[in-house]
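See below for the structure under consideration.
What follows is calculated from the coordinates using simple rules that are stated; it is not laboratory data. These numbers come from a predicted model, not from an experiment. Note: ideal-geometry Cβ built from the backbone for every residue, glycine included; neighbour counts use all protein chains shown.
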Amino acid sequence: MKRKQFLAQPEVESFIVWLADNLPTLTFKLRFKSSKFVPGGLVEDVQGFEQVLQHYRWKANWYDANQSTVESESWTQTQRSLGQLREWLTSAVNAGDEQQALQACLQVLRWGGVRGAIPFLHRLAAKGELSVYLQKMAGLMALDGDNGLDDLDSHTVERFDSGLTKVHALLDLSGSPIYDSRVGAAMAMLYSLFRQQCTGRGKPLLMFPSGAARGSQIRNPGAFLNSVAAPQFSTIDYAEWARWQVRLGWIIRALLERTDWFAGQGALPARCHAFEASLFMLGYDLRCFGLALATDASASEQEIEAHGDGRGSNSWVPTGHPFSQVLKDYLAFRYSAALDDKASFVEWLVAQPQDEKPLKRTTALSYCFPFAVEEFDLFGRPLAQLERIVAGGEDGLCAALAIEALEPFTVGDERVSVCLVDVLITGNAYARAATDKERVDYIISAGYAGTENSARTLMALGRNVGKHFGLLDAQHLPTGLFELFYQDCSLEA
């Protein structure tokens with residue numbers, strides 16, 4: 001499907017009309033907790049969507065090609081900062097300068113407070129394919145070209161996450177939005193309001209996906225009464241996420257072409273990014289829309305804790321897996337020269353002889369948790385790098401994070417890096433409590449888990465990962481490396 005065909009659909013056209021009519025009159029209650037990204041927090045009541053932009057807050061920094069720090073927090077500062085990043089990234093990609101393109105991409109991730117895409121970007125650059133891949137994706141994701149949604153598939157989109165959406169958006173010249181959990185959540189909520197007021201019947205067409213926050217915020221409209229739930233990023237493939245970035249971009253451009261919103265920002269692409277930035281602010285916590293929460297508790301506690309449903313859980317309960325052993329198994333799998341992907345590894349695990357009963361496929365799938373892009377992105381790693389990861393310690397941690405020297409860990413805005421966050425929680429629990437019960441009580445009272453069993457699952461993973469990388473000692477207490485890595489890291493948000 002191409003742009004004109006997409007926008008001509010009756011529901012899409014009606015939604016754009018609804019946005020034009022209603023966004024100027026909606027009231028939003030912005031309530032941000034104090035965090036690294038929003039120091040001091042934010043409490044503002046805002047009338048009208050266009051007015052949200054003046055309250056934009058995202059404190060970030062990155063290093064330019066000369067290693068000078070570029071800092072920003074307000075929208076004006078962020079606009080200037082991203083303009084510099086865009087110029088660096090674009091010039092490097094157009095010149096085919098792999099190392100400069102890689103460094104620019106890494107600084108985009110630093111600005112965004114995300115790191116999941118780092119190994120993937122390094123792999124492409126090492127093969128001399130980064131610039132070509134980014135140029136190809138730029139053509140496929142442009143909002144004003146003849147490209148269609150069907151061009152984005154499993155063959156063309158190799159990876160997509162909250163970091164790569166930023167890279168692709170910055171490289172685009174037509175106003176393609178950064179599509180992260182906050183932007184997706186805000187659009188999903190607006191679409192849900194539209195459905196309630198205008199249609200309410202028939203299968204929803206615009207199921208904007210989103211993802212869970214790392215704190216107690218709500219980023220799924222499904223948490224509210226009579227609202228349309230948003231699919232979670234964890235349930236869709238890379239290509240579908242990329243297609244939603246294009247769909248959203250088409251809608252934003254069509255809407256701005258029929259209004260004068262954000263006229264002071266410049267040409268249409270700049271206005272598109274101002275619209276996206278306003279969505280970003282609203283998507284921090286959907287309670288800003290002032291709707292009543294639903295009471296549906298159909299999802300089990302384990303499902304909510306393990307995967308996050310956007311209802312506002314601060315849980316860091318992982319999918320359980322024997323981390324060190326799975327790494328060793330994966331190395332053995334790679335030595336066998338089998339096809340290196342998730343499906344093949346799962347088949348290999350199930351086929352391996354066991355001391356007791358055979359490994360179930362569901363268990364083998366759960367063992368792949370640390371391989372996800374949101375964790376360590378292990379599939380496809382060079383064998384030498386994988387051997388370092390399996391060996392563990394500080395060098396193994398650097399290899400797992402695809403960095404040359406250890407850098408302080410940052411807890412971003414979304415529920416990612418669960419393995420490493422669980423090491424932080426576990427180390428803190430052992431440092432402050434002498435008994436198992438006290439540690440469990442601490443984890444539950446802090447909101448990191450909801451039950452005794454889930455708290456124990458969290459600590460089991462934290463101990464395993466922590467000891468493997470030398471972050472925890474034999475007694476599961478924080479080591480010097482732990483203190484260096486986590487420093488003043490906070491989970492409050």
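Numbers at a glance
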read-out	value
Approximate spin-label separation Leu205-Ser34, in nm, with each point projected 7 Å along Cα-to-Cβ	4.7 nm
Exposed trypsin sites (Lys or Arg not before Pro) absent - longest run of the chain, DSSP non-H/G/I/E/B, at most 12 other C-beta within 10 Å	361-493
Spherically averaged projected area in nm², based on the convex hull that wraps the Cα atoms of segment 183-257	5.7 nm²
Nearby aspartates and glutamates by direct alpha-carbon distance to Lys357 (threshold 20 angstrom, same-chain neighbours under 8 apart not counted)	Asp329, Glu347
Centre separation in Å (Cα based) which lies between segment 56-78 and segment 198-227	31 Å
Segment 1-138 shape via C-alpha gyration tensor axes, a/c threshold 1.5	oblate
The chain - percent relative contact order, Cα under 8 Å, separation 6 or more	14 percent
Förster radius 51 Å - calculated FRET efficiency between Glu407 and Ala8 (Cβ-Cβ, nearest 0.05)	0.60
Calculated FRET value between Leu339 and Lys360, using beta carbons and R₀ = 22 Å, to 0.05	0.50
Alpha carbon convex hull of the chain, volume per residue in cubic angstrom	154 Å³
Computed label-point distance, nm, for sites Glu71 and Glu129 using a 7 Å Cα→Cβ extension	4.0 nm
Three principal axis lengths of segment 366-441 [C-alpha, angstrom, descending]	42, 24, 23
Column: log10 I(q)/I(0), Debye, Cα scatterers of segment 410-463, q = 0.23 Å⁻¹	-0.82
Rg(Cα) / (2.2 N^0.38 Å) computed for segment 419-493, rounded to two decimals	0.99
Whole-number Å³ per residue for the convex hull built on Cα positions in segment 350-493	145 Å³
Helical mean residue ellipticity (222 nm; -39500 (n - 2.57) per DSSP H run of 4+; nearest 500) of the chain	-15000 deg cm²/dmol
For segment 124-206: rounded, prolate or oblate by the Cα gyration tensor [a/c cutoff 1.5]	prolate
Mean separation of Cα contacts under 8 Å, 6 or more apart, over the residue count of segment 205-264: relative contact order %	26 percent
Distance violations [Cα-Cα > 26 Å] among Lys342/Lys437; Lys2/Lys203; Lys166/Lys328	Lys342/Lys437; Lys166/Lys328
Percentage relative contact order, segment 342-493, counting C-alpha pairs under 8 Å, at least six apart	21 percent
C-alpha center-to-center spacing [segment 466-493, segment 370-396] in angstrom	19 Å
Other-chain or far-sequence residues with amide H under 5 Å of Ser72's (modelled H)	Ala60
Rg/Rh ratio calculated on Cα atoms of segment 1-48 (Kirkwood radius)	1.27
Histogram of C-alpha separations across segment 142-185, 5 Å bin width, %	5, 21, 23, 32, 18, 2
Lysines whose Cα lies under 19 Å from that of Lys33, excluding same-chain neighbours fewer than 8 positions away	Lys59
